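**Student:** Handing you this structure, nothing more for now.
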Amino acid sequence: MTSETTRARDRLIVGLDLPSPAEAEKMVATLGDAVTFYKVGMQLSFSGGLGFARELVEGGKHVFLDMKLLDIPNTVAHAVEAIADMGVTFTTIHAYPQAMRAAVEGRGDSGLRLLGVTVLTSLDDADLTEAGYGDDVSTLVKRRANQAGEIGMDGLICSPKETLAIREEVGNGLTLVTPGIRPAGADAGDQKRAATPESAIRDGADYLVVARPVIKADDPRAAAERIVAEIDSATK
Ligand code: C5P
């Protein structure tokens, strides 16, 4: 394995969207050294998966604990402090300035990297109006992306279709992590604005989050290897 391929491999984050730690453990064993980075979200966390996330870290894997935190500053700061103690690499905070400031304080000088969720991709302009916002989605995404950078967050979760606009707005200082990835020819499922791994990387994504195209594949390991190869060819 060349160091070039190693870097490409480390940019694939496989979402363990599975109902139990036992099933997640089986998937991680199947994927073996093809995958170095895993996302543990709410479903697995609330089914006993937090201990499993720690085991992944102890086993030398990188973990993105997708918690999408939003609460009063004291609670966010202490939650982030506890997440940092788990040794995970990334966690997510809804990109409200108050919550982001608290998260940065809670992270302290640990190695935990904080990703802001600007506007959930399930929300459109009408949803924002209904929720009482005066901004449309693209204005609010830009505003929050800038605030995340100013406050000292490390990066953002964004759709592959937003990466170019966000890079234009905030430059290269923030790490961009994109879900909504479908390898060429794969079933899009409920992802309406999916991009291929290659185009997402070319448009400026640093990491790709992929769940179903890997964990539901007939041969998950081969599916992951194909994505890594696409990431690799996009970086050449
Ligand atoms: O199966 P699929 O590759 O679509 O899964 C993508 C992962 O990224 C899931 O864990 C999903 O919850 C997450 N995600 C997403 N879109 C967002 C934010 C997170 O698909 N806007």
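**Student:** For the chain, what is the Kirkwood estimate of the hydrodynamic radius, computed as the reciprocal of the mean inverse distance between distinct Cα atoms, to one decimal in Å?
**Tutor:** One over the average 1/r among Cα pairs gives 18.1 Å for the chain.
**Student:** Charges only on Cβ, +1 for Lys and Arg, -1 for Asp and Glu: so what's the dipole of the chain about the Cα centre, in debye to the nearest 20?
**Tutor:** 300
**Student:** Next question. Taking only Cα atoms of the range 2-123, what ratio of Rg to Rh do you get with Rh as the Kirkwood inverse-distance radius?
**Tutor:** 0.99
**Student:** Straight-line reach from Lys39: which lysines fall under 24 Å, measuring Cα to Cα and dropping same-chain residues less than 8 apart?
**Tutor:** Lys26, Lys61, Lys68, Lys161, Lys192, Lys216
**Student:** In Å, what Rg and Dmax follow from the Cα atoms of the range 166-222?
**Tutor:** Here Rg and the maximum Cα pair distance are 12.6, 40 Å.
**Student:** Follow-up. Would you kindly calculate the translational diffusion coefficient of the range 120-188, applying Stokes-Einstein with the Kirkwood radius from alpha carbon pairs, for 25 °C and a viscosity of 0.890 mPa s, and quote it in µm² s⁻¹ without decimals?
**Tutor:** So the translational diffusion coefficient is about 186 µm²/s.
**Student:** Now a separate question. Kindly put Thr30, Thr129, Thr91 in sequence by how many other C-beta atoms sit within 10 Å of each C-beta, fewest to most.
**Tutor:** Thr129, Thr30, Thr91
**Student:** Can you give me the pair-distance distribution of the range 79-168, C-alpha pairs, 5 Å bins, whole percents?
**Tutor:** Once binned at 5 Å, the Cα pair distances of the range 79-168 give 3, 14, 25, 22, 17, 11, 7, 2.
**Student:** Now a separate question. Could you tell me which residue out of Gly134, Val35, Leu120 lies farthest along the dipole of the chain toward its positive end? Charges go on the beta carbon: Lys and Arg +1, Asp and Glu -1, centred on the Cα centre.
**Tutor:** Final value for the positive-end residue is Val35.
**Student:** What spacing in nm lies between the two simple spin-label points modelled at Asp136 and Glu105, each 7 Å away from Cα in the Cβ direction?
**Tutor:** 3.6
**Student:** Using 0.36 nm per residue of separation minus the Cα-Cα distance, give me the extension gain between Glu150 and His78 in nm, one decimal.
**Tutor:** Answer, rounded to one decimal: 23.8 nm.
**Student:** Under 19 Å from a point placed 7 Å out from the Cα of Ser233 along the Cα-to-Cβ direction: which residues of the range 171-207 have their backbone N that close?
**Tutor:** 181-187, 195-205
**Student:** How are the Cα pair distances of the range 126-236 distributed, in percent, across 5 Å bins from 0?
**Tutor:** 2, 12, 20, 19, 18, 13, 9, 5, 2, 0
**Student:** Can you give the net charge of the other residues whose Cβ lies under 12 Å from the Cβ of Arg144, counting K and R as +1 and D and E as -1?
**Tutor:** -2
**Student:** Now for a different question. What's the FRET efficiency of Glu23 with Lys161 using the Cβ-Cβ distance as r and R₀ = 25 Å, to the nearest 0.05?
**Tutor:** Computed FRET efficiency for Glu23 and Lys161 comes out at 0.20.
**Student:** Between Gln43 and Leu123, what length in nm is gained on full extension when 0.36 nm per residue of separation is reduced by their alpha carbon distance?
**Tutor:** 26.7 nm
Bear in mind these aren't lab numbers, they're just calculated from the coordinates by the rules spelled out. Not measured: the values here are computed from a predicted model. Ideal geometry is used to build each Cβ from the backbone, glycine not excepted, and the neighbour counts take in all protein chains shown.
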